[in-house]
Amino acid sequence: MCFIKALADYEKMSDQVVATEELLKEWIFEKKKAEVIFACEGDKEVGFALFFHNFSTFLGRAGIYLEDLFVLPEYRGKGYGKGLLVKLAQITIERGCGRLEWACLDWNQPSIDFYRSLGAAQMDEWTTYRLTGKTLESVSLLKYD
């Protein structure tokens, strides 16, 4: 949970964290809806990447979506973020997936610069949409023909 809280603080979204250790255990380890890998320095976990499979109808195969990549501030610049992305790229290829993708906050210039340094392409023509909470519940109750 310390990584999630630190990530939320960094992204200025602390008020949105409702995850608990029990929820994470259930959804990641029991239901296996996501996977997580850690970067370690010695025995200390210093970063993580949480990801799951998505699917591309155009490619006709699965991809990997990186939900979160985070390295503790005092360990940044030491190659841990790059190491996590390299490992995810390897997993993507090993599993025969067609792509690895993620979203990045518009104001997060250090991350944008890092991703671009690796050759990642920004998808300017796409906008992410989201339904959550009461809005999601309302849409689930709509009638359709």
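For the reader, a short list of remarks on this structure follows.
- For the chain, averaging the sequence separation of C-alpha pairs within contact (under 8 Å, six or more residues apart) and dividing by the residue count gives a relative contact order of 15 percent.
- Volume in Å³ per residue [convex hull over Cα atoms, computed for the stretch 32-134]: 157 Å³
- Both radii are taken from the alpha-carbon atoms of the stretch 1-84; with Rh as the Kirkwood radius, Rg/Rh is 1.01.
- Among GLY98, GLY47, GLY119: highest mean-square fluctuation, GNM of the chain, C-alpha pairs under 10 Å: GLY119
- When the chain is treated as a GNM with alpha-carbon contacts under 10 Å, the residue of ALA89, ALA39, ALA19 showing the greatest mean-square fluctuation is ALA19.
- Loop trypsin sites (Lys or Arg not before Pro), the stretch 50-145, which have at most 10 other Cβ atoms in a 10 Å radius of their Cβ (DSSP): ARG130, LYS143
- Choice from GLN16, GLN90, GLN122 showing the highest fluctuation, given a GNM over the chain with Cα pairs closer than 10 Å: GLN16
- Each of CYS97, CYS104 was scored by other Cβ atoms within 10 Å of its Cβ. Listed from fewest to most, they are CYS104, CYS97.
- If you take the Cα centroid of the stretch 1-33 and the Cα centroid of the stretch 85-124, the two points sit 21 Å apart.
- J(HN,Hα) series, the stretch 48-62, from Karplus relation 6.51 cos²θ - 1.76 cosθ + 1.60, nearest Hz, glycine and proline x: 8, 9, 10, 8, 7, 7, 10, 9, 10, 5, 6, 7, x, 7, 6
- Low-density loop cleavage sites - chymotrypsin sites (Phe, Trp or Tyr not before Pro) in the stretch 88-145, where at most 12 other Cβ are within 10 Å (DSSP): TRP107, TRP126, TYR129, TYR144
Only the coordinates and a few stated rules stand behind these numbers; no lab work does. Note that the structure is a prediction, hence the values are computed from the model and not measured. Cβ: placed from backbone, ideal geometry, glycine included. Neighbour counts: every protein chain shown.
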